[in-house]
């Protein structure tokens, strides 16, 4: 207690001498001890040191320490001020948006009891906590993604903004993303967009596809329609990958069958075609089919709503037969090196999905509803017919009898109805475009494959097979002679589906030339085979150019993004349209009256001129006669 009292008296300037073990030394009296330089060059006392009291110029120094003290401190006058600095709670929380530069202003503190004296100002720094965040002082430029050292700071992936415009077309992928985020210990993302949960868009009715779209394949949006997906962005790849991509598999796999037939047919042995070509084409077809099927399977998993819209599309629905027809082609074009005979169970596995699709689509054709055949009939419906004849051909080649005949009969009945419906163009049917599109070559597919199928079922190329073959040959020639109809078309991936009808006609011709062997039939088979092969090569080159050079092979699939309702027209637009029509009518009326007046005036002038000429001619003739 005595020591404490001695220390207290020493601090208060008591002249009583302390014991030798204690010495009172102010912290600002030692150089470099907890001090900072003053702006005027004097040492500044640190926190906790009490500033001495100075009198005016005529006064002596007060609070002089005892002469027994080893250190005597004489300090010049200085200014003491307190500075408050906010320190972040974490190294990343450097910038606080709600703070301002005012926190850095010094707080003047006068720590002297003497009145009317110059008090030194001491710099005191007080550490205060600050909320985590970003700070930016007023008047300083915005610097995003910078840390304390000024280097660029990487933005975490969880903070990136995601586009929710395609949520209505997603299936359970959103739940999968939430599970992955939870597994990575990331906060779950909100499922609401603009305050409302995203709901899947209803599938448009068949009439909406015809009202909102135009073109041979209903792939172009009309000017008065709007889309449910953003038009100014490139959609995800899976949304842009259509079901018509299986047309590439149809074209290449049918070429494998063609070159297998050329290598094994008795009528083309003089060509000495190597079976290696068939093997290479079959392997390429198998790889292509696997790639396309894998990509479209991902679309089914992640964007099932887009698949549903393709299924309800009047033209796209027919391409759902393409994967299974391609599997039938791969089985028919199987090289003899790989396998010679397959089990008949494979035929039932491949024809099961085709039968299910036919029960659905053919039932809609007969039901008389919105999807009746007279309303949705178009040349692409032949894809739903060809599957029956290809299945009958494969079943007969495996040694089956009843199953191939069943599918052949079903295909023949519906092909007759479809052929007549497309030919007579009912008033209720959608008018096909004037220009010839390669879709019309699908007319050739069904009869050419049917002729080969029936010849395989009966074991010979009899009259029934020849009738079907001659129908296919006539349709082929009638389309080929119209060369001008093939100009000015925009490349489409669906064109691949129109190459296998030409290949089917070539295979039927080779089969016919084996039955009726002469120079004409052999030359015709070589000619048609060469045309189909060159067509596939040209499409292959075009596909590579559009994929690697032009980068437009898979544009936004507009046909699946139409709205189920018609866009509302504003009254202003209606009034403007009426006013425009009135102006046009008035202008047409004035032009008509002006033209009629001009005609009358012209006729009058011409009549007067004619009469004058006649009178002058008569007077001249009279003068001549008088002379």
Q: Mind sorting 310, 225 by how few other Cβ atoms lie within 10 Å of their own Cβ, fewest first?
A: 225, 310
Q) Using a Förster distance of 25 Å, how high is the FRET efficiency between residue 540 and residue 483, based on the Cβ-Cβ distance and rounded to 0.05? A) 0.70
Q: Determine the principal axes of the Cα atoms in the stretch 212-560, then give the extent along each, sorted from largest to smallest and rounded to whole angstroms.
A: 58, 45, 44
Q | Residues of the stretch 387-405 with amide N under 18 Å of the 7 Å Cα→Cβ point at residue 345 | A | 395, 398-400
(Q) For the ranges 545-556, 349-360, what's the packing order if you count other beta-carbon atoms within 10 Å of each residue, average per peptide, and put the highest first? (A) 349-360, 545-556
Q. Ranking 559, 525 by Cβ neighbours within 10 Å, fewest first, what do you get?
A. 559, 525
Q: With r as the distance between the Cβ atoms of residue 224 and residue 301 and R0 = 35 Å, compute the FRET efficiency 1/(1 + (r/R0)^6) and round to 0.05.
A: 0.50
Q: Based on other C-beta atoms within 10 Å, arrange 265, 165 from fewest to most.
A: 165, 265
Q) How many nm is it between the label spots at residue 564 and residue 360, if each spot is 7 Å from the Cα in line with the beta carbon? A) 1.8 nm
Q) Could you give the length gained on full extension between residue 520 and residue 402, defined as 0.36 nm per residue of separation minus the Cα-Cα distance, in nm? A) 38.9 nm
Q) Roughly what would the spin-label model give for residue 237 and residue 312, points 7 Å off Cα along C-beta, in nm? A) 2.9 nm
Q: Quick one: compute the contact order of the stretch 212-560, relative version, from alpha carbon pairs under 8 angstrom and 6+ residues apart, as a percent.
A: 24 percent
**Q.** Alpha carbon Rg of the stretch 299-448, scaled by the compact-globule rule 2.2 N^0.38 Å
**A.** 1.12
Q. For the pair residue 293 and residue 547, how long in nm is the line joining their label points, each one 7 Å along Cα→Cβ?
A. 1.8 nm
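Since every read-out is calculated from the coordinates, none of them should be taken as a lab result. Quick caveat, the model's predicted, so the values are computed rather than measured. Cβ sites come from the backbone with ideal geometry, for glycine too, and all protein chains shown count toward neighbours.
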